[in-house]
1. Please list the non-local residues whose amide H lies under 5 Å from the amide H of LEU169, H modeled 1.01 Å from N, same-chain partners needing a gap of 5 or more.
2. Let's test the formula: R0 of 30 Å, r as the Cβ-Cβ distance of LEU295 and GLU138. What FRET efficiency results, to the nearest 0.05?
3. On a full-extension model of 0.36 nm per residue, what is the gain between PHE225 and LEU90, subtracting their alpha-carbon distance, rounded to one decimal in nm?
4. In the range 60-92, what trypsin sites (Lys or Arg not before Pro) fall in a loop by DSSP, with at most 13 other Cβ atoms inside 10 Å?
5. Which ³J(HN,Hα) values in Hz, rounded to whole numbers, follow from the phi angles of the range 272-289 under the Karplus curve 6.51 cos²θ - 1.76 cosθ + 1.60, where θ = phi - 60° and Gly and Pro get x?
6. Among the GluC sites (Glu not before Pro) within the range 56-88, which fall in a DSSP loop and have no more than 16 other Cβ atoms within 10 Å of their own Cβ?
7. What's the FRET efficiency of TRP56 with GLU166 using the Cβ-Cβ distance as r and R₀ = 30 Å, to the nearest 0.05?
8. Counting only residues 5 or more places away or on other chains, whose amide H sits under 5 Å from the amide H of CYS231 once H atoms are built in the peptide plane?
Amino acid sequence: MAAPCSRMANRPLWQFITNVRRTGLKHTGVRQISLSSACRAATQTRSKTEGVPSPWKLYGAVCLQRLPVISQERNPIEDQFAELMHQMELERSLLSDHEQRLLEDSERMTRKQADNYDSDEEEADYGGQETITAQDQEDTWEQKLKHFQPALRDRDVGGTPLGSVERCLGDSLVLLVQQTVGKETIWLLPQAQWEAGETLRQTAERGLSSLPGQLCGEADFKATFLGNTPCGVYRYKFPKEVRTERCVGAKVFFFKAFLSAGSASQKEPFLWVKKTELQGYLKPPYLEKVDRFILNL
């Protein structure tokens, strides 16, 4: 029985239906199956489903991060560890060329102070040229170091505005824009409403390129998107006074991107904030979704 059953299982569906029609089972109360009617019903169901518009508006948003430009300040434990590693490297290392010159100059000064010092022999070794000792070079370097003014690590000391991409160079920053949602103006990640014929990533890219400063040339953000798959989704319902059966709420799909180059005018409603500063600008439900995929690099 195993072989016939296996052959019947491997037959196509249309052959099985044809065999059922040819047998006498149709006279024993078995309902006939019509392949064309089943396909027609499936096609009608699919067309009805595709024709019904979604009650949710779709948005594509981009989480644009500016990575740290400089290293962060070390804590006391890191300072102690760095000093220990420097001491171990110093003890195990060989003498440098400058340190060898210091030893040679010290030996030369010792020979000059000896009673049997021969100045003619010393001048023959150096060709009669005036020698610059390693100690003279160190004195010159120390004088140059006194006039050297290192740049400030924290540019926020001078009051760098939040809209500047040059603030907090040792931290990772996230771009926020001011948008009007309904009757309220709030801070959000750059976003745009989905249009037919484009992917959600293209919608997010359009949301970044259609910022107010981007269109007039006062802002120029070049981003590198990390893949075509959203990293997060936020769904919310509209207020009851504007909610309808055909428009219940919105779904926002987030995409991650890193800032490769760009600048912006201080007149534009932009903010570059750290992850710890997001709670002062974003709504709590919105922040809960965004906080999951933002890395504090």
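1. ARG155
2. So the FRET efficiency works out to roughly 0.10.
3. Working: separation 135, 0.36 × 135 = 48.60 nm, distance 4.42 nm.
Gain in length upon complete extension: 44.2 nm.
4. Working: sites: ARG66, ARG74, ARG92; in loops: ARG74.
Qualifying residues, ordered by number: ARG74.
5. Ordered by residue, 3J(HN,Hα) equals 10, 10, 7, 5, 6, 9, 5, 5, x, 10, 9, 5, x, x, 5, 5, 4, 6 Hz.
6. Values: sites: GLU73, GLU78, GLU83; in loops: GLU73.
For GluC sites (Glu not before Pro) across the range 56-88 that sit outside H, G, I, E and B with at most 16 neighbouring Cβ atoms in 10 Å, the list reads GLU73.
7. Values: r = 39 Å, r/R0 = 1.30.
Efficiency computed from Cβ-Cβ geometry: 0.15.
8. Those qualifying (amide H under 5 Å, at least 5 residues apart or on another chain) are PHE254, PHE255, LYS256.
Only the coordinates and a few stated rules stand behind these numbers; no lab work does. Source: prediction; values computed, not measured. Quick reminder, even Gly has a Cβ in these numbers, built from the backbone with ideal geometry, and neighbours come from all protein chains shown.
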